[in-house]
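**Q** Below is the structure I would like to discuss, written out as structure tokens.
The values are calculated or read from the model by the stated rules, or taken from the named source; none is laboratory data. Just so you know, these numbers come straight off a predicted model, no measurement behind them. Neighbour counts run over all protein chains shown; Cβ positions are idealised from the backbone, glycine included. To get the accessible areas, we keep the full protein, side chains included, count just its heavy atoms, and leave off ligands, DNA and RNA. Shrake-Rupley method; radii C 1.70, N 1.55, O 1.52, S 1.80 Å.
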Amino acid sequence: MAADTPVEYIKHHLQNLTYGKLPAGYERADGTVVEEATWTMARTSQEAMDMGFMAVHVDTMGWSIFIGVVFLALFRFAAKRATTDTPTGLQNVVEMTVEFVQGIVRDVFHGKNPIIAPLALTMFVWIFLMNSLKLIPVDYIPSIAHAMGLEYFKIVPTTDPNGTFGISIGVFLLILFYSFKVKGPGGFAKELSFTPFNHWSLVPFNLVLELLALIIKPVSLALRLFGNMYAGEVVFILIALLPLWVQWTLNVPWAIFHILVVTLQAFIFTTLAVVYLSAAHEDH
């Protein structure tokens with residue numbers, strides 16, 4: 001895993017483990033030529049780019065699913081052992097988390113939908129746990145992966161825009177679904193056409209503004225989460241390039257500070273998602 005230069009080290013740690021299709025006749029980094037179109041793991045960042053849109057970031061997908069399973073297992077474990085006495089340990093943490101998310105939904109969501117609170121809880125805990133993987137030293141798990149023959153391996157799904165856009169697009173589809181369900185196709189079209197200016201002559205202008213605002217919602221959700229997590233990851237990688245005694249001096253304070261960032265980004269994403277879904281339930 002050692003890199004010749006700091007730049008190569010940084011690039012290596014920011015590259016995902018990518019699985020995709022290389023076209024027939026493609027010349028790989030080691031000089032071999034792919035005789036026919038083949039699905040394989042990318043050996044370089046250039047190969048990952050050449051695999052195109054259908055390539056899969058295996059590490060992002062795998063860690064997202066793994067963290068989701070951990071989330072379900074923890075909450076199921078706590079639920080099965082819940083007691084009416086004074087809660088302690090994991091039950092106390094779970095109950096505090098549920099009450100916290102319920103408070104967000106109660107303050108922000110003004111419609112009636114039993115799905116919103118569980119959805120908000122899932123988003124908050126899942127994103128929080130994925131963000132928390134950042135607190136593992138940057139070389140530990142990639143080194144294990146390298147020993148297993150995997151050249152690239154990132155463990156924080158939210159430092160990959162594919163991961164954050166996956167969640168935000170899911171929220172966007174729910175916004176569209178409930179906008180049509182609550183307001184009806186005609187009501188939703190009317191809202192887009194006559195907001196913010198309630199005059200027929202300004203319908204084209206309103207449509208441009210409202211459609212742009214609608215599209216920006218998932219983009220802003222995804223890029224805000226990705227940008228903050230990616231920037232933090234870069235700082236951790238830069239610290240890892242320093243001498244060992246300097247690493248401990250900087251890494252511990254930055255990790256402690258990042259605990260706040262990890263929680264705050266999960267909170268912001270969840271709150272904004274609930275705000276957008278609340279707006280989708282408003283029928284004027």
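**Q** How many of the residues in the range 214-249 are surrounded by 15 or more Cβ atoms within 10 Å (Cβ to Cβ) and more than 15 Å from HIS13 (Cβ to Cβ)?
**A** The qualifying residues number 10.
**Q** Okay, moving on. Can you tell me which residues in the range 208-228 are farther than 14 Å from VAL171 by Cα and more than 19 Å from the chain's Cα centre (by Cα)?
**A** VAL208, LEU209, GLU210, LEU211, LEU212, ALA213
**Q** Have a look at LEU176, LEU221, LEU238 and point out the one that is over 19 Å from THR164 (Cα atoms) and of a type in the set (A, V, I, L, M).
**A** LEU238
**Q** Return the pair list, or none, for Cβ contacts closer than 6 Å from residues in the range 228-253 that are within 15 Å of VAL156 (Cβ to Cβ) to residues that are outside any helix (DSSP H, G or I), at least 6 apart or on different chains.
**A** So the pair list comes out as PHE236/VAL138; ILE237/VAL138; ALA240/VAL138.
**Q** Among the residues of the range 264-284, what is the count of those that are open to solvent by 50 Å² or more (accessible area, probe 1.4 Å) and in a helix (DSSP H, G or I)?
**A** 3
**Q** Quick one: in the range 101-118, of everything that is free of Cβ contacts under 8 Å to residues at least 24 places away in the same chain and hydrophobic (A, V, I, L, M, F, W, C), which residue is farthest from ALA78 (Cα to Cα)?
**A** Ranking the qualifying residues of the range 101-118, first place goes to ILE115.
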